[in-house]
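**Q** Let me begin by handing over the structure; questions about it come next.
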Amino acid sequence: MTILKTAVLVGLSILIGAASAGAASAPPAGKAAFDQLVAGARKEKQVYIYPTTSGSDEVTAGFRNYLKRLGVEIELKVDASGGSFQKISQAIGETKQGIVPTYDVQFGGAHEIIHLIEANGVKRIDNLEQVVSAIAGQATPSLDKISPGPFKGRAFTFGHWIKAIIYNPKLIADKDLPKSHKEMGDPRFKGAFALPPWTSDADASLLAYDKDQALEVVRGMGRNKAATERESAAVNRMLLGEFKFVNANAHYYHEFKARDARAPIGLEFFRDYTTINEAMYFVREGARHPNAATLFVLWTLSEEGQGIFEKATSQPHLYLQSSKIGREMMGRMKSNNVKMVSYVDNEESLKKLKWMSETDEGKAWTEAIAKAWRGK
């Protein structure tokens, strides 16, 4: 009996040991999916990337190094010519005509990409959670915010454009700045500020006001502006004393401070609404080189990829822990009870975006907003 019992126990031990050994040798689901991507990229030989102009050299160099560590030798073709809106329009045309995509990877704003998604021009990444965990583990907890709603699994936020008040503290104290977009129409701010030529912040007024109120707010801003100027040039002119403040993306504050810590530049946020625009990368549906393209898109969410981009551009990411500027910006906005608005925040905001771009009434409203922004 004892001999039989011992034999049974030994047999069970052998079976359990074999099962454990088999479990240990089987690769985790994330690694298996990642290995498949890498193997596919090796066969593709190249990838054609349309990146954001800012930081494109640094980011593509970093990606080359990443591929080298993986043992992937492929050609990186890069077009950093700018003009994302035109490139999205081109992609929509290619998709509708059944033309093979020019680019494997593109970037754009969420408000632009949504139209390409609706045209079925953006590829959904397979085994999303597994490959994200293998390539950019820090993105996993916030994946629903990085790739939200209709963008889920298709387009991924690699940085945020945050509209803010960039000001010269030698010319105006923070307590004397306008607290809202509406206040910018106050007579005391006549000729004190510059606005950019694009109307993204004006259009976003619809996320905080009704359409008639929003139009009046923007009219006040347009009447009072001193000039229309591209943001980087406007900040330079502000530092020279030509404007007291400018309406610009928040990253210019960090960019200019990095150049000169003593530069007379400050940062504040509007309280009625602060526009958050998502800068996103995505893989084109029908891309010639989808595996290498997917590696690039997800690598930009890794600590390495995000760190390289932020160092080169000062552009923050609000939901990735490696983004020092992003953590600072989020902390400041929360402590000041800033109302952050985005077209991808919720279904209602997305409906307003579609109303502006797809209905006759909405198109007429955006034309009126653009005219008001120009001061006409």
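The values are calculated or read from the model by the stated rules, or taken from the named source; none is laboratory data. No experiment lies behind these values; they were computed from the predicted model shown. Counting neighbours? That spans all protein chains shown, and the Cβs are built from the backbone with ideal geometry, glycine included. Areas reflect the complete protein model, heavy atoms only, side chains present, ligands, DNA and RNA absent. Shrake-Rupley method; radii C 1.70, N 1.55, O 1.52, S 1.80 Å.
**Q** Can you name every residue in the range 179-202 that is surrounded by fewer than 24 Cβ atoms within 10 Å (Cβ to Cβ) and touching a residue at least 60 places away in the same chain (Cβ under 8 Å)?
**A** 179, 180, 182, 199, 200, listed by residue number.
**Q** Pick from the range 214-238 the residues that are under 21 Å from residue 256 (Cα atoms) and of a type in the set (Lys, Arg): which of them is most open to solvent (accessible area, probe 1.4 Å)?
**A** Filtering first and then ranking leaves 230.
**Q** Tell me, please, whether a residue that is in a helix (DSSP H, G or I), polar (S, T, N, Q) and under 22 Å from residue 217 (Cβ atoms) can be found in the range 343-362.
**A** Checked the range 343-362: at least one residue is in a helix (DSSP H, G or I), polar (S, T, N, Q) and under 22 Å from residue 217 (Cβ atoms).
**Q** Here is a further query. Tell me which residues, restricted to the range 72-116, are among the basic types (Lys, Arg) and within 28 Å of residue 34 (Cα to Cα).
**A** 77 - this is the single residue of the range 72-116 that is among the basic types (Lys, Arg) and within 28 Å of residue 34 (Cα to Cα).
**Q** Looking at (1) more than 22 Å from residue 182 (Cβ to Cβ); (2) out of contact with any strand residue (DSSP E or B) (no Cβ under 8 Å at 6 or more places or on another chain); (3) touching a residue at least 12 places away in the same chain (Cβ under 8 Å); (4) open to solvent by 20 Å² or more (accessible area, probe 1.4 Å), which is the only condition residue 366 fails?
**A** (1)
**Q** Moving to a separate point now. Assuming residue 327 fulfils every condition listed in (1) surrounded by fewer than 23 Cβ atoms within 10 Å (Cβ to Cβ); (2) out of contact with any Gly (no Cβ under 8 Å at 6 or more places or on another chain); (3) more than 25 Å from residue 62 (Cα to Cα); (4) not small (Gly, Ala, Ser) apart from one, which condition is it?
**A** The number of the failed condition is (3).
**Q** While we're looking at this one, here's another question. Need at least 3 residues that are over 30 Å from residue 91 (Cβ atoms) per element, so show me which helices (runs of 4 or more DSSP H) inside the range 172-290 make the cut, counting only ones lying wholly within it.
**A** Helices (runs of 4 or more DSSP H) meeting the threshold: 211-224, 231-239, 251-259.
**Q** Would you say residue 260 is free of Cβ contacts under 8 Å to residues at least 24 places away in the same chain and either on the phi < 0 side of the Ramachandran plot or crowded, with 21+ Cβ neighbours inside 10 Å (or both)?
**A** In short, yes.
**Q** Moving to a separate point now. Within the range 330-363, can you find the residues that are open to solvent by less than 20 Å² (accessible area, probe 1.4 Å) and either touching a Ser or Thr at 6+ places or on another chain (Cβ under 8 Å) or modelled with pLDDT of 95 or more (or both)?
**A** Matches in the range 330-363: 333, 338, 341, 342, 343, 349, 356, 362.
**Q** Here is a further query. Does the range 75-84 contain any residue that is touching a helix residue (DSSP H, G or I) at 6+ places or on another chain (Cβ under 9 Å) and more than 16 Å from residue 59 (Cβ to Cβ)?
**A** no
**Q** Looking at the range 145-178, which of its residues are open to solvent by 50 Å² or more (accessible area, probe 1.4 Å) and within 30 Å of residue 129 (Cβ to Cβ)?
**A** 145, 149, 150, 152, 154, 161
**Q** Of the conditions (1) in contact with a His (Cβ under 9 Å, 6 or more places away or on another chain); (2) under 14 Å from residue 158 (Cβ atoms); (3) outside any loop (DSSP other than H, G, I, E, B), residue 329 satisfies every one except a single condition; which number is it?
**A** Failing condition for residue 329: (2).
To keep it simple, each residue is scored yes or no on (1) in contact with a strand residue (DSSP E or B) (Cβ under 8 Å, 6 or more places away or on another chain); (2) farther than 30 Å from residue 359 by Cβ; (3) of a type in the set (Asp, Glu).
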{"residue": "39", "(1), (2), (3)": "no, yes, no"}
{"residue": "42", "(1), (2), (3)": "no, yes, no"}
{"residue": "50", "(1), (2), (3)": "yes, no, no"}
{"residue": "59", "(1), (2), (3)": "no, yes, no"}
{"residue": "90", "(1), (2), (3)": "no, no, no"}
{"residue": "100", "(1), (2), (3)": "no, yes, no"}
{"residue": "107", "(1), (2), (3)": "yes, no, no"}
{"residue": "110", "(1), (2), (3)": "yes, no, no"}
{"residue": "126", "(1), (2), (3)": "no, yes, yes"}
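**Q** Determine if the range 152-170 includes at least one residue that is assigned to a helix (DSSP H, G or I) and either under 21 Å from residue 306 (Cβ atoms) or in contact with a His (Cβ under 8 Å, 6 or more places away or on another chain) (or both).
**A** The answer is no, given that none of the residues of the range 152-170 is assigned to a helix (DSSP H, G or I) and either under 21 Å from residue 306 (Cβ atoms) or in contact with a His (Cβ under 8 Å, 6 or more places away or on another chain) (or both).
**Q** When you look at residue 314, is it polar (S, T, N, Q), under 20 Å from the mean Cα position of the chain (by Cα), buried (at least 16 other Cβ atoms within 10 Å of the Cβ) and farther than 23 Å from residue 153 by Cβ, yes or no?
**A** yes
**Q** Enumerate the pairs (first residue in the range 64-83 and within 15 Å of residue 48 (Cα to Cα); second residue anywhere and open to solvent by 70 Å² or more (accessible area, probe 1.4 Å) and acidic (Asp, Glu)) with beta-carbon separation below 9 Å, excluding pairs fewer than 6 apart on the same chain, so at least 6 apart or on different chains.
**A** Going by the 9 Å Cβ cut-off, the qualifying pairs are 67/73; 78/57; 80/57.
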